[in-house]
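Asker: Questions regarding the structure given below will be posed in turn.
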Amino acid sequence: KLYLVQEYCNASLQDALRNHLLHDPASLAPDMDLVLSVLMDIARGMEYIHRNNIIHGDLTPGNVLLKQEADSPIGVTGKITDFGLCTTIDPSQSHISNITNGTPFYVA
């Protein structure tokens, strides 16, 4: 049997968006420092996998987990998960045009 063990994460980005967890409780406005920090984590993760010639194929808010971390500047770190539809790309290719799997509007 194959087992996958990973660290505990508190919520998905989908849960956070749905439940307004990225909002300032006092003003009900989005906490832009928190939002930008999570977006930067996602961008860094995507840059890393693309630099290694990997296409995620299904980057959705449900596939980004949020972990509370005391050593993070904002207290939360975004982590990309669910590489089940990922594929590799030859470095000489500029794109893949035949991706048929993934969540519509989120294939990346």
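Asker: Counting only residues that are touching a Gly at 6+ places or on another chain (Cβ under 9 Å) and either closer than 14 Å to Tyr8 by Cβ or exposed (fewer than 15 other Cβ atoms within 10 Å of the Cβ) (or both), how many does segment 63-80 have?
Answerer: Total satisfying the criteria: 6.
Asker: Test each condition in (1) modelled with pLDDT of 85 or more; (2) touching a helix residue (DSSP H, G or I) at 6+ places or on another chain (Cβ under 7 Å) for Met46 and report the one that comes out false.
Answerer: Checking Met46 against (1) modelled with pLDDT of 85 or more; (2) touching a helix residue (DSSP H, G or I) at 6+ places or on another chain (Cβ under 7 Å), the one that fails is (2).
Asker: Taking the stated definitions as given, is Lys1 basic (Lys, Arg) and in contact with a strand residue (DSSP E or B) (Cβ under 9 Å, 6 or more places away or on another chain)?
Answerer: Spelling it out, it is not the case that Lys1 is basic (Lys, Arg) and in contact with a strand residue (DSSP E or B) (Cβ under 9 Å, 6 or more places away or on another chain).
Asker: Output the residue which, of all residues in segment 1-58 that are assigned to a loop (DSSP other than H, G, I, E, B) and of a type in the set (D, E, K, R), is surrounded by the most Cβ atoms within 10 Å (Cβ to Cβ).
Answerer: Only one residue tops the list, namely Asp58.
Asker: Next up: Among the candidates Asp82, Asp31, which residue alone is over 21 Å from Leu4 (Cα atoms) and either of a type in the set (S, T, N, Q) or free of Cβ contacts under 8 Å to residues at least 60 places away in the same chain (or both)?
Answerer: Result of the check over Asp82, Asp31: Asp31.
For (1) under 14 Å from the mean Cα position of the chain (by Cα); (2) in contact (Cβ under 8 Å) with a residue 24 or more places away in the chain, each residue gets a yes or a no:
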position	(1), (2)
Tyr8	no, yes
Leu13	yes, yes
Asn19	no, no
Tyr48	yes, no
Lys67	yes, yes
Ile74	no, yes
Pro104	no, no
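Asker: Considering only residues that are part of a strand (DSSP E or B) and over 23 Å from Leu34 (Cβ atoms), which ones fall in segment 59-108?
Answerer: Thr87, Thr88
Asker: Would you be able to tell me the number of residues in segment 33-52 that are farther than 16 Å from Ile80 by Cβ and out of contact with any Leu (no Cβ under 9 Å at 6 or more places or on another chain)?
Answerer: 2
The values are calculated or read from the model by the stated rules, or taken from the named source; none is laboratory data. In this text, all values refer to a predicted model and were calculated from it rather than measured experimentally. Cβ: placed from backbone, ideal geometry, glycine included. Neighbour counts: every protein chain shown.
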